[in-house]
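See structure below.
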Amino acid sequence: MAERTIKVEIKRQHDPDGNAVVEKFEIPYRPNMNVISVLMEIAARPVTVDGKETTPVTYESNCLEEICGSCSMLINGRARMACSALVDNLEQPLRLEPLSKFPVVRDLQVDRSVLFENLKRVQAWVPIDGSYDLGAGPRITPQVQEENYPLSNCISCCCCMEVCPQFNVATGFVGAATIAQVKLFNDHPTGKVLKEERLHAMMGDGGIQDCAYAQNCVVACPKELPLAQAISDVGRQVMLQAVKDIFTT
Amino acid sequence: MASTPKIIVIGGGLAGLSAVMKIAEAGGKVDLFSIVPVKRSHSVCAQGGINAAKNLKGEGDTTWQHFDDTVYGGDFLGNQTPIKGMCEAAPAIIDLLDRMGVPFNRTPEGLLDFRRFGGTLYHRTAFAGATTGQQLLYALDEQVRRYESEGKVQKYEGWEFLSAVLDSKGVCRGICAMNLRTMELRTFAADAIILATGGNGAIFGKSTNSVVCTGSAQAAVYQQGVCYANGEFIQVHPTCIPGEDKLRLMSESARGEGGRVWVPKTAGDKREANSIPASERWYFLEEWYPKYGNLVPRDVATRAIHKVVYEHGLGIDGQPMVYLDLTHIDRATLDRKLEGILEIYEKFVGDDPREVPMKIFPGMHYTMGGLWVDADQMTNIPGIFAAGEAEYQYHGANRLGANSLLSCIYGGFVAGPKAMQYGKNLQAAEGDGGHTAELKRQEEINRRLLSSSGAENPFKIWRELGDVMTKNATVIRYNKNLQAADGQIQSLLERYRNINLSDKSMWANTSFAFTRQLLNMLHLARVIVQGAERRDESRGAHYKPDFPDRNDEKFLKTTKAFFATDTNGPRFEYEAVDTQFIPPRPRRYDAVK
Amino acid sequence: MATATNPSSGSAHRGVQPLRAGQGHSFLLRKLHSLSGVIPIGAFLLEHFLSNTEALKGPAAYAAQVKFLNSLPWVPVLEWGFIFLPILYHACYGLYIWSSGKSNITYYPWAGNWMYMAQRWTGLIAFGYIAQHVYHLRFSGVRLADHPGASFAKVHHELANPWMLALYLVAIIATSWHFSYGLWLFAAKWGITTGDKARRRFGYVCTALAVALITLGIASALAFLNPKYKYGWTESPSAQTTQSQLQMPDVAASK
């Protein structure tokens, strides 16, 4: 009897300007494998199904527990984390491709620095006076903590941006992840000192207005962030700010 | 020399970011190097919480109690002065994190909530759901991003530290790093550098650590002359979920809620767990420890599981795994008390632990040892500082739960300002400070690797290293096995010379970077096994059945390993432990201390 | 990874650009687009659908309604300022929005994503239809402002063509859908329905609205083909006018 195998097709691209080619692999099956362990197996024996020697596949990964946000890629066409994608639950051949909305670095690795840049543009932080001892922080009710905690679970994987029909070069839309952080910091007792600036940033080109409520982000988010809720809350804050601006400036 | 010293911080986890924050705040110039975008650092994996004796539960908790618990938990191997400093600083650190917006759980009054953790009788652990490490890291990441946007911090994400640049007098003058996209090598000048590069789980193949936790940076400076301390102390967590790619933590609360650990009585039993009758199951913890049963302390549980698998050969299906069974508990109870952790198992294994017993095994979890540092967090090479899991000084022979996040932040808070102070008083280097020579040395290493045409796959060597280390240098240690392990590592080092890079391109070549890390891992592995071999006692996480007791007379000492260039291996020295505040006493968790 | 710090990598300007905080006018344009869909276009749509239901009462009632509308002051200003120009803006900017987005329903066949795509296609159908509708019934043939009595006949004539009837039915569905979901979007995006529950509840309201509009629209359209009025439209315009004048108070009262 032939040994059970896993068939994999990987879209590979040697560098940002290179042509993409699909390489096929067939590796021995073991129970409970995830996509990362498939890629590790290929690294230990980088030979295609046709027996051609090739290079180990480049991809980003770190914690492998779906908390660092590194390993998002397209698996059978859909954006998700490779570490939590179990081979037993996937159709074969596995098709692995880089995220399509971000510049390819090499193979499955893409450049997602735009998210970190966006977090700067909306000042996604609490502007504390200093790190010296100034006593306890503001009191926060458990209810507020429970509302904000899920937003603070965003792992910057960029799946919400990848699946968004509005996130692309033409719109330059900021995406759900950043909007959720705007809500998180606007709702913090100290963070709200920058609320007006954040809301004005959100009105810039590529801001919250480009959201079209397809709500793919909500379904795709591996950490199940309440993204639609965050977008509509920030939407209200932005509208109120816009009205305020009309009457006060 | 300079009025505003230039500091380089390597590693963007909690320790690195803490240091960066302090330096930027004090007006210093700081470059932050990290292999991964700093927000993806391994600190995100910490779940439980962070300890501080805030005494908000009316229990009379004090920083002294915290200090005593930490020293006692570490089996008295930790130097007491820095530990005392850490415990005293902890309450203010929690306040600061709170001010930065960490979404800590709250009491109805709006104050911080605290829970109990292992090794203490007090509610001392502040927590943010089950993702405290992630929340802490993000809070610091946000502060550093703020400084970055103000131009006070320059980030070099996607750069890997290769070595320190040392001048003719052996003083650190900067670093040599490799761009992981362009593979370009470059040296960067600095008045002081801080290594905050985490643990070394990758040396054990699979661990609960992240992919970047290779210990490569520590091993690199160790080979340049920095002392590595207490390398043999490795914390192994009893209940991890074995995966094909890594080990994931399964919280102790599963056993706390009634989970039972067992294996089939017959070796190689192929039946499904549920179809094995009770009479053919061996509940070995309940048999060996009738009083505590499945709730024996971590190290005891770890050793028992290890023994059943490796000495009795009774791992499930011949694999190193045992069952952790919750199926006798009703679904509603499980969902109410353990839903979060059961979902993790379901997500990564695909089985429902409410229906099928979980398969678990102890896993390498934490590196107590690390770069030797003084009270200023500076190593024995002037200008090289270290903080976080990369150094050795806060946990002794065993780390208490929820102390790691604290030691990272505290270490960074000490290292940052001390590095600044050091930089201010530094004399100018002679010549170029060794930059040209170091760059040339590193270029030569790269050139040799690329031209190597052997037949050895680096990933295979790494797997073998992991097997050797996990089998011989984790839970139970025998001198004979440790000696054999050292021999095997030396032969891996020999095979490394015949390495074959299947990818020789000079763009985003991850296997090339990995191959460089691998050599460093091999060298550090020898420090671990030889250190363990030399310590003929049992203390904290280090356990030798042939020497089952702690021996303070001979081994109440810090192991200090130096790289000997003549033998290309470690040379050992021992240093007395600072025990000026709490005299050592026997460590027993079955009785009141 | 932060390529911005690495001049040699050269990929800093590839891909989607970051948020242009404080720059551009897309916020204003987008909000105008969204607002114009509700007021005045949506408001006019409702008025138009309700007016058309007069057709159910027969040619006379319908003519009276047409006459009433044309009796409003500043009709050309109302028409251009509140109907034609807003529709033109809404349509053109809508097409621009469509062109900048990219549907991905193949891989993500989820409810919201279907609605996203449907909103674009229904908008296109509605616009194409409205263009032909306005051209045929407003800018060509008998000028109904001057001859309201001919209005029923004019529409009847249009709908007598089965292809035209089919187009009307499709367009009524598309327009009703586009408006109802547009109203839901408006409420969500302007921060009126901020909670998940509020959005779901308002979703039911909008669905009911869509069903009501489609029902009324189709009923009105079919009314023009009612055999009862087969010869009604041949009555002399003057007689019609007198009749409708007499009926006017009733029409107003029935509104």
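When C:CYS206 is tested against (1) out of contact with any Gly (no Cβ under 8 Å at 6 or more places or on another chain); (2) closer than 24 Å to A:ASP210 by Cβ; (3) not in a helix (DSSP H, G or I), exactly one condition is not met: (3). Of the strands (runs of 3 or more DSSP E) contained entirely in segment B:244-358, not one carries at least 2 residues that are at pLDDT 90 or above, more than 27 Å from B:GLY201 (Cβ to Cβ) and touching a Pro at 6+ places or on another chain (Cβ under 7 Å).
Restricting attention to segment B:526-536, report how many residues are over 18 Å from the mean Cα position of the chain (by Cα) and crowded, with 18+ Cβ neighbours inside 10 Å. Final tally of qualifying residues: 3. Could you go through segment A:236-247 and let me know if any residue there is buried (at least 21 other Cβ atoms within 10 Å of the Cβ), facing chain C (nearest Cβ under 8 Å) and modelled with pLDDT of 95 or more. Yes. For segment B:72-104, a tally of residues being outside any helix (DSSP H, G or I), within 14 Å of chain A (Cβ to nearest Cβ), in contact (Cβ under 8 Å) with a residue 40 or more places away in the chain and in contact with a strand residue (DSSP E or B) (Cβ under 7 Å, 6 or more places away or on another chain) returns 0. Pairs linking a residue in segment B:339-354 that is within 9 Å of chain A (Cβ to nearest Cβ) to a residue that is of a type in the set (S, T, N, Q), with Cβ atoms under 6 Å and 6 or more positions apart or on different chains, are B:LYS347/A:SER84; B:VAL349/A:ASN32.
Looking at segment A:97-117, can you tell me whether even one residue there is out of contact with any Pro (no Cβ under 9 Å at 6 or more places or on another chain), part of a helix (DSSP H, G or I), modelled with pLDDT of 95 or more and within 7 Å of chain B (Cβ to nearest Cβ)? No, because not a single residue in segment A:97-117 is out of contact with any Pro (no Cβ under 9 Å at 6 or more places or on another chain), part of a helix (DSSP H, G or I), modelled with pLDDT of 95 or more and within 7 Å of chain B (Cβ to nearest Cβ). Report yes if A:PRO46 is free of Cβ contacts under 8 Å to residues at least 40 places away in the same chain and over 27 Å from the mean Cα position of the chain (by Cα), otherwise no. Yes.
Within segment B:359-384, the residues that satisfy the criterion of being hydrophobic (A, V, I, L, M, F, W, C), touching a strand residue (DSSP E or B) at 6+ places or on another chain (Cβ under 8 Å) and either assigned to a loop (DSSP other than H, G, I, E, B) or without any contact (Cβ under 8 Å) to a residue 24 or more places away in the chain (or both) are B:MET368, B:TRP372, B:VAL373, B:ILE381. Looking across segment B:30-56, the residues that are more than 13 Å from chain A (Cβ to nearest Cβ) and either out of contact with any Asp or Glu (no Cβ under 9 Å at 6 or more places or on another chain) or among the aromatic types (Phe, Trp, Tyr) (or both) come down to B:VAL30, B:ASP31, B:PHE33, B:GLY48, B:GLY49, B:ILE50. Of all residues in segment A:57-69, those satisfying the criterion of being touching a residue at least 12 places away in the same chain (Cβ under 8 Å) and at the interface with chain B (Cβ under 7 Å from one of its Cβ atoms) are A:THR58, A:SER61, A:CYS63, A:LEU64, A:GLU65, A:ILE67, A:CYS68, A:GLY69. Once segment C:210-232 is narrowed to residues that are more than 19 Å from C:PRO162 (Cα to Cα) and surrounded by 15 or more Cβ atoms within 10 Å (Cβ to Cβ), the residue that is modelled with the lowest pLDDT is C:GLY232. Look at segment C:137-160: where a residue is of a type in the set (D, E, K, R) and a partner is in a helix (DSSP H, G or I), sitting 6+ places away or on another chain with Cβ atoms under 6 Å, you get C:GLU158/C:MET164. When we screen A:ALA2, A:ALA20 for residues that are at pLDDT 95 or above and either more than 8 Å from chain B (Cβ to nearest Cβ) or closer than 19 Å to B:ILE461 by Cα (or both), the only hit is A:ALA20. Is there a residue in segment A:128-138 that is touching a Ser or Thr at 6+ places or on another chain (Cβ under 9 Å) and of a type in the set (Phe, Trp, Tyr)? No.
Checking the structure you have, find out if any residue of segment B:13-28 is at pLDDT below 95, crowded, with 20+ Cβ neighbours inside 10 Å and under 24 Å from B:GLU142 (Cβ atoms). Looking through segment B:13-28, at least one residue is at pLDDT below 95, crowded, with 20+ Cβ neighbours inside 10 Å and under 24 Å from B:GLU142 (Cβ atoms). Taking segment B:55-71 on its own, how many of its residues are free of Cβ contacts under 8 Å to residues at least 40 places away in the same chain and not in a loop (DSSP other than H, G, I, E, B)? Summing the residues that are free of Cβ contacts under 8 Å to residues at least 40 places away in the same chain and not in a loop (DSSP other than H, G, I, E, B) in segment B:55-71 gives 2.
Quick grid of which residues meet (1) in a helix (DSSP H, G or I); (2) among the charged types (D, E, K, R); (3) farther than 30 Å from A:GLY18 by Cβ:
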{"site": "B:LYS480", "(1), (2), (3)": "yes, yes, yes"}
{"site": "B:MET506", "(1), (2), (3)": "no, no, no"}
{"site": "B:SER511", "(1), (2), (3)": "yes, no, no"}
{"site": "B:PHE514", "(1), (2), (3)": "yes, no, no"}
{"site": "B:ASN520", "(1), (2), (3)": "yes, no, yes"}
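Scanning segment A:26-40 for residues that are facing another protein chain (nearest Cβ under 7 Å) and more than 22 Å from the chain's Cα centre (by Cα), we see that the one that is nearest to A:ASP50 (Cα to Cα) is A:MET40. All of B:ASP95, B:ASP141, B:ASP68 fail the test of being within 30 Å of B:ILE8 (Cβ to Cβ), surrounded by fewer than 24 Cβ atoms within 10 Å (Cβ to Cβ) and among the acidic types (Asp, Glu), apart from B:ASP95. Within segment B:118-139, the set of residues being part of a helix (DSSP H, G or I) and within 10 Å of chain A (Cβ to nearest Cβ) comprises B:GLY133, B:GLN134, B:GLN135, B:LEU137, B:TYR138, B:ALA139. The helices (runs of 4 or more DSSP H) located wholly in segment A:128-217 that include 1 or more residues which are surrounded by fewer than 18 Cβ atoms within 10 Å (Cβ to Cβ), more than 10 Å from chain C (Cβ to nearest Cβ) and of a type in the set (D, E, K, R) occupy A:142-148, A:195-202. Of the candidates C:HIS25, C:HIS90, C:HIS48, the single residue that is surrounded by fewer than 21 Cβ atoms within 10 Å (Cβ to Cβ), of a type outside the set (A, V, I, L, M, F, W, C) and within 20 Å of C:ILE173 (Cβ to Cβ) is C:HIS48.
Restricting attention to segment B:153-211 and to residues that are more than 14 Å from chain C (Cβ to nearest Cβ) and charged (D, E, K, R), the residue that is nearest to A:VAL104 (Cα to Cα) turns out to be B:LYS206.
The values are calculated or read from the model by the stated rules, or taken from the named source; none is laboratory data. What you see is a predicted model, and the numbers here were worked out from it, not measured in a lab. No Cβ is skipped: glycine too gets one built from the backbone with ideal geometry, and neighbour counts run over all protein chains shown.
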